[in-house]
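Notes for the one structure printed next.
Derivation of every value follows stated rules applied to the coordinates shown; laboratory data play no part. None of the values given here were measured: they were computed from a predicted structure. Please note: Cβ atoms are built from the backbone with ideal geometry, for glycine as well, and neighbour counts cover all protein chains shown.
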Amino acid sequence: MDEIHRFNKLQQDTFLPHLDRSSKKSPELDETDVIDLSEEEDSKQEVEDAPPKPSSSKKPKDSVKSSKPLAEVVRPEVLDDYIGQEHVMSKNAVLRTVLEKNEIPSMILWGPPGCGKTTLAHIVANQCKQSQNIRFIKLSATMSGINEVKKVVENAKTDQKYRRKTILFMDEIHRFNKLQQDTFLPHVESGVITLIGATTENPSFSLNSALLSRCRVIILEKLATEDIVKILERGIREYDGICLEKIEGTDRMDFDAKLAIDRESLVWLAQMCDGDARIALNSLQLAIQTLTANDDCGSENGNDGLKIITLDAIREGIKKSHLLYDRKGDQHYDIISALHKSIRASDDNAALYYCVRMMAGGEDPRYICRRMVRAASEDIGLADPNAVSIALSALQAVQLIGMPEADCIVAQCAVYLARAPKSQEVYRAMMKCRSEDITNWKGPLPSVPLHLRNAPTKLMREMGCAKGYNMRHKDDSGLQYMPEGMEDRDYFQ
């Protein structure tokens, strides 16, 4: 795909469901149509162009590796093989209990990429295959629309007459707008379908509150380093490889394997992937493919061509800039919030860290500078009036010079604001004024005193507007500037 950046985000999303699938896929793995994973015959009818199912479910390992991403190959089939998310998947956790009993409620799986949302749905689908009374249907909001959902609902209503339950898994559910999400409401509430939605976006903002109230929100966290190490070990075994505590000094004749990697390199990769198992597995796969394509590239020959996956090969397989920062998810708001709070707390190291982290992740520097302008006024204010000018100058420099040349200017501004003296006097006075005498004022707002009103016409002057006004200081003018009844207000106390 040449000039792929010409595609907008929505157009790019059309690739997503197919990147995690093999070129030769079975019908139940296709996300572009309504799929019934509980009955093979219905699946064949609903997916017209699906290839015939292989005669044997066991495929040669080399064929599997060459046709599928490693993340898809090692995806577990049963709950006991699921790794991570102990807070919801441990033996006595509520979610695991209902999944084991097939008493599946409508729920939203919310978590960062690569934390196991789709894997959970895949396990549920496999469980549904064991039952004749449950139909599992998988759609992706990036590829499907209202028509597909309506088709699922119509089939579900028919199945309901025969006491067959329908579970609809909607991947990337946040891609549906609020009007499209409303399509689910009556059918989830009536029990026609059980909805399982997967999203990387905060459901409080991306989903209808009405739909949210009818679903349980299951929060999945970034995978811990030790969990990703276990997943990577499973991945290396798919290539007839082993993980050794230490490569040097090990007798390779003791191992019947084609590949070897030391635990230090595996742990390094797990730490660098920022809790995303998919990125970790894809990086490992790229390193292995590069190694096997050229025996002399990053490898050492030992026992019958035993190849060593080195740390350098792993580094080539991972792109750190992709992992630092998510400009669309909660990190976008969490890190800018952390920057603002670090400036407020006068922690120059933390302010610099969050500022550089955002810039390295590709955040728009104008967004960073606009927030720093706000911080300069809200948290520094009159303690250093130049702070606002500094922040505005940084914003202007970014607009005139651009990145990466302006990165040092943005960082300098963040450090300046963090080290500047702090005063919230104006901010607190503003909030007090707004709360006490504007927002919560009972009745009509008081009138502006006549002597302060504008009097551009003869009629207005005859009404008394501007009468008695003088330009002296309030202590010398003898005039009252606050509205009547508010003369004693002091917002700065």
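Annotations
- Pairs exceeding 23 Å between alpha-carbon atoms, taken from Lys68/Lys138; Lys432/Lys467; Lys101/Lys151; Lys68/Lys178; Lys422/Lys474; Lys68/Lys258: Lys432/Lys467; Lys101/Lys151; Lys68/Lys178; Lys422/Lys474.
- Hull volume in cubic angstrom per residue (convex hull over the Cα atoms of the stretch 425-477): 129 Å³
- The stretch 146-201: trypsin sites (Lys or Arg not before Pro) in DSSP loop, at most 11 other beta carbons within 10 Å: Arg163
- For Arg216 and Asp475, the FRET efficiency from 1/(1 + (r/R0)^6), where r spans their Cβ atoms and R0 equals 41 Å, is about 0.05.
- Inter-label distance, nm, simple model (7 Å from Cα along the C-beta direction), Glu103/Asn177: 4.0 nm
- Fully extending the segment from Gln412 to Leu450, taken as 0.36 nm per residue of separation minus the present Cα-Cα distance, adds 8.8 nm.
- Linear extension gain, Ser131 paired with Arg237, 0.36 nm per residue minus alpha-carbon span: 35.0 nm
- Applying both filters, DSSP loop and at most 10 other Cβ atoms within 10 Å, to the trypsin sites (Lys or Arg not before Pro) of the stretch 72-149 gives Lys91, Lys101.
- Using the Cβ-Cβ distance between Met403 and Glu462 with R0 set to 56 Å, the FRET efficiency from 1/(1 + (r/R0)^6) comes to roughly 0.40.
- Cut-off 10 Å between beta-carbons: net charge of the residues surrounding Ser106, Lys and Arg +1, Asp and Glu -1: +1
- The GluC sites (Glu not before Pro) of the stretch 77-176 that meet both conditions, a loop assignment by DSSP and at most 12 other Cβ atoms within 10 Å of the site Cβ, are Glu103.
- Annotation: amide H-H contacts under 5 Å for Thr194 (H modelled 1.01 Å from N, sequence separation of 5 or more, or interchain): Thr166, Ile167, Leu168.
- Local electrostatic count, Ser209, Cβ distance below 13 Å [Lys/Arg +1, Asp/Glu -1]: +1
- Förster-model FRET efficiency, 35 Å R0, Arg263 and Ala293, C-beta, rounded to 0.05: 0.90
- Remark: the Tyr367-Ala383 segment gains 3.3 nm on full extension, using 0.36 nm per residue and subtracting the alpha carbon distance.
- Isotropic mean projected area of the C-alpha convex hull, the stretch 330-419 (nm²): 4.8 nm²
- In units of the compact-protein estimate 2.2 N^0.38 Å, the stretch 129-191 shows a Cα radius of gyration of 1.12.
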